[in-house]
Structure formats: C-alpha cells, structure tokens
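Note sheet for the following structure.
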Amino acid sequence: MLYLILKTLHIIAVVMFLGNITTGIFWKVHADRTRDPRLIAHVIEGIIMSDRWFTIPGVLLIVIAGITAAIVGGHPLLRTGWILWPIILFSISGLTFGRWVAPLQRRMASLMKAGAESGTTDWATYQRLSRAWAISGAAALLAPLAALIIMVVKPTLPAF
C-alpha cells in the first residue's frame, strides 16, 4: 500500500512539473505576440513565480516520492535501467534549467520591464534571449518527457 501511495505522489508531482513547464511556454508565446513589454514582463514574472510555487516543489516531490517508492518497491536505483536513465535525464533538465532557463527568464523580465518604463524596448536583445530560452527550455522539457516515457514503458536499458 505504501508503494502505491508513493507512486501516486510521484505521478502527481510529474503532472505538476510538466504541466507547469508547458503552460509557461504557452503563456510566454502568447504574450510575445502582443509585443507589449509591460505584458511580456508580467507574464515572465508569472512564469518565474509559478516555477517557485509549482516546478520546484514538483521536483522535490518527484525525487523524494520516486526514490522512496523505488526503495520500498525493491527496485535498485542504479541497477534498474528504466529508473537510472530517467534520473539522468531529470538531472540534465534541472542543470539546464538552473544554468540557462532561469537566468534567461530573469534577464528577459528585466529587459521588458526596463523597456516598458523607458518606452524604448530593445527587441533585438529580447529576441536573442528568447531564442536561447526556447532552445534551453526545449532541452529542459524534452529530457523529463523522455524520462516519463521511459518510466511508463520500462524498456530494458543498460544500468550499473
């Protein structure tokens, strides 16, 4: 019973995590189409806040519930390929988010806020930052999506 509870918490956390990331992308694209720096800054600041409220707690719950479920279920973490590779992919996602996505979000929000206040927006810089955010964000999203697929399908993969 404990295993099923932990597994359910793990799945709920994955839904929270992936759902928040994908809706953040949607709202940023939606705001960018307006070319309104005040609205874009507001949306990016909302994405940053939702990362604090949903993505980061989702990460913690994914890790805690997932590792605990594996231990309770008798699955060796590093010797079970369908657990090991999602851990690696999830780590890549986290590193990508921390190294590139989050700093880019802060820079884009600051740039748009400054543009809204001054009345002159540096669109070329914003587009450059936005492209970098899209590329790094894609990696931060695709890695855990691949991890989700591996966790569901449970293919035979190499492990230690």
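The values are calculated or read from the model by the stated rules, or taken from the named source; none is laboratory data. This is a predicted model, so every value here is computed, not measured. We place every Cβ from the backbone using ideal geometry, glycine too, and count neighbours over all the protein chains shown.
Structure values in brief
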quantity	calculated
Residue satisfying condition, being buried (at least 17 other Cβ atoms within 10 Å of the Cβ), of a type outside the set (D, E) and part of a helix (DSSP H, G or I), within set L89, L95, L60, L4	L89
Positions within region 26-37 being surrounded by 14 or more Cβ atoms within 10 Å (Cβ to Cβ) and either of a type in the set (D, E, K, R) or modelled with pLDDT under 95 (or both), in sequence order	K28, D32, D36
Residue in region 100-109 that is aliphatic (A, V, I, L, M), within 17 Å of A139 (Cα to Cα), in a helix (DSSP H, G or I) and without any contact (Cβ under 8 Å) to a residue 24 or more places away in the chain present	no
Sole exception among (1) farther than 30 Å from D36 by Cβ; (2) hydroxyl-bearing (S, T, Y); (3) surrounded by 13 or more Cβ atoms within 10 Å (Cβ to Cβ); (4) out of contact with any helix residue (DSSP H, G or I) (no Cβ under 6 Å at 6 or more places or on another chain) for T156, by number	(3)
Members of region 110-154 found to be part of a helix (DSSP H, G or I) and among the acidic types (D, E), listed by number	E117
